[in-house]
Each structure stands twice: as structure tokens, then as C-alpha cells.
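> Dumping the structure here so I can ask a few things about it.
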Amino acid sequence: MDGRLLERDWQFMLDAVYRINSATSVDSLEREVLECLDALMPCTQGTFFVAEEEEGRIVFRRPVVVGQEARYMDEFLNNNYDRDPYFRGMGLMHQTETFRDSDLLPERYRENSKLYKEIYEPQGIYYPLRSYLVYRHKLVGNISLFNAKEHGDFELRDVTILTLLAPHVALKLGDLLEKEQQTRGCARSGDAASRLMVKYGLTSREREVVLLIVSGRDDREIADSLCISLSTLRKHTYNAYKKLDVNNRTQLCALINATSAHIL
């Protein structure tokens with residue numbers, strides 16, 4: 001079968017793109033993507049991993065699985081299979097790529113790899129279709145769909161579908177990962193600010209003001225959030241600045257960031 005899509009396929013894909021872009025967390029995105037793909041091209045097993053750089057190498061974390069239970073997941077995550085010839089060079093990709101393993105690697109080569117012998121063969125999965133997801137020239141995730149040998153390899157239609165959907169997934173995944181990182185940064189800044197404010201004797205209201213300033217809100221937003229006037233806000237801000245020995249927002253944020261970095 002060739003790679004041409006039916007009208008029905010295009011309708012399902014438009015719905016899939018909408019669901020992808022509606023995801024509000026990395027975990028929900030992984031689940032939505034795999035469920036959409038399973039509806040478009042049922043397979044024996046589907047996995048979605050987030051890619052992270054650790055000590056100069058790419059590792060895969062936060063797995064989500066649909067279809068057949070993924071046995072040996074702990075072994076896969078902890079046994080450095082990224083160094084297996086099966087995956088060699090994959091972390092160097094600078095754009096999202098989708099492919100069938102059978103199009104890139106000879107059958108004998110795949111069957112003799114450590115990854116196949118220890119992870120795939122014991123589960124009865126043989127034919128992979130993959131997308132390596134790249135966001136801003138950085139590998140951020142991997143989608144791998146598998147078929148048992150008796151079910152046959154993926155069709156060109158399947159490759160076309162995943163090729164078209166993968167850039168949308170990569171963009172959304174990268175955006176959600178950046179937001180997670182920002183949230184963690186704000187949490188660390190909030191912890192640092194709380195310790196600093198206790199140390200310098202700020203009142204509870206002054207602490208609220210400082211935390212809202214550090215979060216990036218402007219004066220009107222802070223006043224509305226605390227149900228106080230702008231003049232009252234300025235009074236609390238002045239007192240907090242005086243106790244912390246800073247003169248403006250920039251100096252306050254620099255102090256909080258420096259304290260956060262020291263704590264870490």
C-alpha cells in the first residue's frame with residue numbers, strides 16, 4: 001500500500017492536532033499522542049519517552065505505554081542502551097525525523113543487537129516505527145510504535161501519518177518542558193525568597209508583595225490580587241526594599257536569584 005491518505009485519515013489527523021495542542025502537561029500530551037496514533041494505526045505496542053541530557057549523553061525518562069504491556073522497562077531505562085549500535089547517533093539529530101527501522105538497518109543487524117535480544121525479542125515485538133522529536137535543535141522526546149513479526153511491518157501510510165504529526169508533537173512537547181522548567185525555577189525562587197524574608201523580618205504582607213514582584217506581576221496586578229490600593233502597595237514595597245537593602249525590582253530579583261543559586 002502506498003503512502004497516500006484517505007479523506008478519513010485527514011479528518012482524524014486534524015482532530016489529533018487539536019488534541020495535541022490542547023494538552024496541558026507533558027504526561028497528558030504523551031497519553032493523547034499515543035491514543036491518537038493507536039486510533040489511526042493500531043499496533044502491538046506504543047511508547048513515548050521524554051529525552052534528557054545527563055552527563056553528556058541522552059537518556060530516556062517518563063515513559064508512557066499503550067497496547068501490550070512493556071516488560072523490561074526498568075532494564076531499558078537503566079542499562080545504557082543509548083550506547084547500543086541500534087541507537088548510535090540518534091541524539092545528534094537537529095530536526096524531527098520519522099522512520100521505520102527496517103528502512104535504515106538490515107534485518108540481521110537488528111536481530112544481533114543487544115537491545116533486540118534483551119528487550120524486544122522477549123516481548124515478541126519486531127518492527128519499530130519511530131519519531132525522534134527535536135525542539136530548537138535539541139532532542140526532547142521519542143515515539144516508538146512496534147508490531148509483532150506476525151503482524152508485519154508498518155505501511156507507508158503509517159510513516160506518512162507519523163511524519164506529519166511528529167513536528168506538532170515536538171513543538172508542543174518542547175513548549176511544555178520549558179514551562180515545567182520555568183515553574184521549577186519560580187518554586188526555587190519562592191523558597192529562596194521565603195527564607196530571605198524570614199531572616200530580615202518582613203511582615204506577612206510584605207512577604208506577599210515580594211513573592212508577587214518576583215513572579216513578574218506589575219503593580220496593578222499585585223494591588224488587585226491583594227485587594228489593596230496602589231499607594232498601600234508602594235508603602236509595603238518601600239518597607240520590604242528597605243529591609244532587604246535593595247532599591248528596585250531588578251535588584252530584588254537579583255538578590256533572590258543569588259540566594260536561590262546559593263541554596264542549590
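The values are calculated or read from the model by the stated rules, or taken from the named source; none is laboratory data. A quick note: this is a predicted structure, and the numbers were derived from the prediction, not measured. FYI the Cβ positions are ideal-geometry reconstructions off the backbone, even for glycines, and counts take in every protein chain you see. These accessible areas exclude ligands, DNA and RNA; they are computed on the full protein's heavy atoms, side chains included. Shrake-Rupley method; radii C 1.70, N 1.55, O 1.52, S 1.80 Å.
> Dividing the Cα radius of gyration by the Kirkwood radius, what Rg/Rh value follows for region 1-105? Write down the numbers at each step before the final one.
Working: Rg = 15.6 Å, Rh = 15.9 Å.
Radius of gyration over Kirkwood radius for region 1-105 works out to 0.98.
> I've got another one for you. Whose amide H sits under 5 Å from the amide H of K138, counting only residues 5 or more places off or on another chain, with H placed in the peptide plane?
When sequence neighbours closer than 5 places are left aside, there are no close amide H contacts.
> Follow-up question, since we're still on this one. Averaging sequence separations of C-alpha pairs under 8 Å and six or more residues apart, then dividing by the length of region 1-103, give the relative contact order as a whole percent. Could you put the intermediate results ahead of the total?
Details: 71 pairs, mean separation 17.8, N = 103.
Answer for region 1-103 is 17 percent.
> Here's something else I'd like to know. Classify the chain as rounded, prolate or oblate, taking a ≥ b ≥ c as the square roots of the eigenvalues of its Cα gyration tensor: rounded when a/c is under 1.5, otherwise prolate if a/b is larger than b/c and oblate if not. Present the calculation step by step, with values, prior to reporting the outcome.
On the way: a/c = 3.59, a/b = 2.28, b/c = 1.57.
Prolate is the answer for the chain, as a/c is 1.5 or above and a/b outweighs b/c.
> Could you report the chain's accessible area per residue, 1.4 Å probe, as an integer in Å²? Present the calculation step by step, with values, prior to reporting the outcome.
Numbers: 14500 Å² over 264 residues.
Heavy-atom accessible area per residue stands at 55 Å².
> Ok, one more. Could you tell me which residue out of Y120, F87, F76 lies farthest along the dipole of region 1-136 toward its positive end? Charges go on the beta carbon: Lys and Arg +1, Asp and Glu -1, centred on the Cα centre.
Projecting each Cα onto the dipole axis, the largest value belongs to F87.
> Okay, next question. Which order do peptides 116-128, 242-254 fall in by mean Cβ count within 10 Å, highest first? Before the final figure, lay out the partial values.
Numbers: 116-128: 18.0, 242-254: 13.9.
Output ranking for 116-128, 242-254: 116-128, 242-254.
> Using a 1.4 Å probe on the protein chains only, how many percent of the accessible area of region 15-160 belongs to carbon and sulfur? Before the final figure, lay out each step's value.
Values: 3310 of 7230 Å².
So the carbon and sulfur contribution to the accessible surface is 46 percent.
> Another question about this same structure. Rounded to the nearest 10 degrees, what's the angle between the helix 7-22 long axis and the longest principal axis of the chain, both from Cα atoms, 0 to 90?
The answer is roughly 30 degrees.
> Let me ask something else about it. Give me, ordered by chain and number, the residues 5 or more places off E97 or on other chains with an amide H under 5 Å from its own placed amide H.
Sorted by chain and number, the residues that satisfy this are Y132, V134.
> Expressed as an acute angle from 0 to 90° and rounded to the nearest 10, what is the orientation of the C-alpha long axis of helix 249-263 relative to the principal long axis of the chain?
60
> Considering only Y200, Y132, Y72, give the residue with the highest GNM mean-square fluctuation for the chain, with springs between Cα atoms whenever their separation is below 10 Å.
Of Y200, Y132, Y72, the Gaussian network model singles out Y200 as fluctuating most.
> Report, in debye and to the nearest 20, how large the dipole of region 104-211 comes out about its Cα centre when Lys and Arg carry +1 and Asp and Glu carry -1 on their Cβ. Can you show the working numbers first?
Details: 17 positive and 14 negative charges, 124 e Å.
So the dipole magnitude of region 104-211 works out to roughly 600 debye.
> Quick check: the distance between the Cα centres of region 121-166 and region 194-249, to the nearest angstrom?
Computed from Cα coordinates, the inter-centre distance equals 51 Å.
> Work out how much length Q123 to D175 would gain on full extension: take 0.36 nm times their residue separation and subtract the Cα-Cα distance, in nm to one decimal. Walk me through the numbers before you get to the answer.
Numbers: separation 52, 0.36 × 52 = 18.72 nm, distance 3.35 nm.
Length gained between Q123 and D175: 15.4 nm.
> Run the dipole for region 1-124 about the Cα centre, Lys and Arg Cβ at +1, Asp and Glu Cβ at -1, nothing else charged, and hand back the magnitude in debye, nearest 20. Display every interim value, and only then the final one.
Details: 15 positive and 25 negative charges, 37 e Å.
Here region 1-124 has a charge dipole of around 180 debye.
> Quote the accessible area belonging to D15 in square angstrom, nearest 10, computed with a 1.4 Å probe and with ligands, DNA and RNA left uncounted.
80
> Would region 125-174 count as rounded, prolate or oblate if I go by the C-alpha gyration tensor, calling it rounded below 1.5 in a/c and otherwise prolate when a/b exceeds b/c, oblate otherwise?
Numbers: a/c = 3.77, a/b = 2.08, b/c = 1.81.
Prolate, because a/c is 1.5 or more and a/b exceeds b/c.
> Quote the relative contact order of the chain in percent (integer), defining contacts as alpha-carbon pairs under 8 Å separated by 6+ residues. Mind showing how you got there, number by number?
Details: 336 pairs, mean separation 47.1, N = 264.
This gives 18 percent for the chain.
> Just the accessible area for F12, please: 1.4 Å probe, Å², rounded to the nearest 10?
Approximately 100 Å² of F12 is accessible to the 1.4 Å probe.
> Right, next: Using alpha carbons only, how many degrees (0 to 90, rounded to 10) separate the axis of helix 26-40 from the longest principal axis of the chain?
Helix 26-40 and the main axis of the chain meet at about 30 degrees.
> Further question on the same structure: Suppose the chain between K149 and S204 were pulled fully straight at 0.36 nm per residue; how much longer would it get relative to their current alpha carbon spacing? Each step should come with its number before you reach the end.
On the way: separation 55, 0.36 × 55 = 19.80 nm, distance 6.49 nm.
Fully extending the segment from K149 to S204 adds 13.3 nm.
> Cα-based count: Lys pairs in the chain below 30 Å, eight or more positions apart or different chains?
10
> Same structure again: Counting each DSSP H run of 4 or more residues in the chain as -39500 (n - 2.57), what helix-only mean residue ellipticity at 222 nm follows after dividing by all residues, to the nearest 500 deg cm²/dmol? If you can, show how the numbers build up before the last one.
Values: 10 runs with 139 residues, N = 264.
Computed ellipticity for the chain at 222 nm equals -17000 deg cm²/dmol.
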